[in-house]
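Peer 1: I'd like to ask you about the structure that follows.
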Amino acid sequence: MLHPALLVLADGRFPAGGHAHSGGVEAAVRAGRVHDAGSLEAFCAGRLGTVGLTAAALAASAALGMDLHALDEAAEARTPSPALRATSRRLGRQLLRAARAAWPPTPESALAAVARELPGGGYQPVVFGVVAAAAGLGPAEAATAVAYESVSGPVTACVRLIGLDPFQATAVLARLAGAIGEVAEAAVTAAVMAAEAGDLDLLPTASAPLLDIYAEQHAAWPVRLFAS
């Protein structure tokens, strides 16, 4: 049976700050690469299979209880854009704040350990995995939620950015459902292999250089609708 906590974490109304971020699609819209449902779906499919896969594997690893400092370093190595690093840490802090209210931690809990061991704020996928575990979820649920989040943010943003019909937006997410499941499964497989071998280099390193470029350009804009 689906764990109710997964619905809470995957809900766009969960106050983790994601609603203020476009996942790079605001810059893609300005560049003319995303302009309708079809181009949005292509953008999201590419995002899901690259940074979405990488983030989902980090979250699954954190949910498995792997070393927080090592995972944080692995996340940083997989995030070349300074703007995206700052964004991920900011989202990690906001997620931790919301999680501590939803699932109050004990001094010895993993949630308390994040605040204690990563005082500057952990990267969002790493924090998400710890939060998922604290909520009673496993690595598969953590990976699924992060994979879903990697595309739901841009889809929701496009309702405002290009006036996309909400029905079309929902249809884009529905068509990506199978791919989200496949990415989550691949992420968990990689996380389990990395945990068993004690080698985080086995985690995916898929990247999307254009998203990094967009992030740096977007951060320099004097006026923008979304924070990233």
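Peer 1: Counting other Cβ atoms within 10 Å, keep those with at most 13, restrict to DSSP loop, and tell me which trypsin sites (Lys or Arg not before Pro) in the stretch 1-110 are left.
Peer 2: Numbers: sites: Arg13, Arg30, Arg33, Arg47, Arg78, Arg85, Arg89, Arg90, Arg93, Arg97, Arg100; in loops: Arg13, Arg33, Arg78.
Passing both the DSSP loop test and the Cβ count: Arg13.
Peer 1: Only counting other Cβ atoms within 10 Å, I'd like Ser88, Ser152 sorted with the fewest neighbours first. Please list the in-between numbers first.
Peer 2: Numbers: Ser88 24, Ser152 21.
In order of increasing Cβ crowding within 10 Å: Ser152, Ser88.
Peer 1: Distance from a point 7 Å along Cα→Cβ of Ala171 to each backbone N in the stretch 31-45: keep the residues under 19 Å and list them by number.
Peer 2: Under cut-off, by backbone N: 34-45.
Peer 1: Something else: What is the magnitude of the charge dipole of the chain about its Cα centre, with +1 placed on the Cβ of each Lys and Arg, -1 on the Cβ of each Asp and Glu, and no other charges, expressed in debye to the nearest 20? Mind showing how you got there, number by number?
Peer 2: On the way: 15 positive and 20 negative charges, 173 e Å.
Roughly 840 debye, rounded to the nearest 20.
Peer 1: Along the positive direction of the dipole of the chain (beta-carbon charges: Lys, Arg +1; Asp, Glu -1; about the Cα centre), which of Leu68, Ala101, Leu164 reaches farthest?
Peer 2: Leu164
Peer 1: Enumerate the helices in the chain for which the Kyte-Doolittle hydropathy averages -0.5 or more and the C-alpha atoms extend at least 20 Å along the helix's axis, using complete DSSP H runs.
Peer 2: Both cut-offs are met by 82-102, 139-161, 177-197.
Peer 1: Give me the Debye-computed log₁₀ of I(q)/I(0) at q = 0.15, 0.16, 0.21, 0.32 Å⁻¹ for the stretch 182-228, equal point scatterers on Cα only, no solvent, two decimals.
Peer 2: Taking Cα atoms of the stretch 182-228 as identical point scatterers yields -0.60, -0.63, -0.73, -1.09.
Peer 1: Check which residues have an amide H placed less than 5 Å from Val34's amide H, if you skip close sequence neighbours.
Peer 2: Val29
Peer 1: Under Stokes-Einstein, with the Kirkwood radius over Cα pairs standing in for Rh, what whole-number D in µm²/s applies to the chain at 10 °C and 1.306 mPa s?
Peer 2: Numbers: Rh = 17.4 Å.
Calculated translational D: 91 µm²/s.
Peer 1: Defining a contact as two alpha carbons under 8 Å apart and six or more residues distant in sequence, what relative contact order in percent does the stretch 38-218 show? Don't jump to the answer; show the numbers that get you there.
Peer 2: On the way: 262 pairs, mean separation 69.7, N = 181.
39 percent.
Since every read-out is calculated from the coordinates, none of them should be taken as a lab result. Not measured: the values here are computed from a predicted model. Using ideal geometry, Cβ is built from the backbone for each residue, glycine included, and neighbour counts are taken over all protein chains shown.
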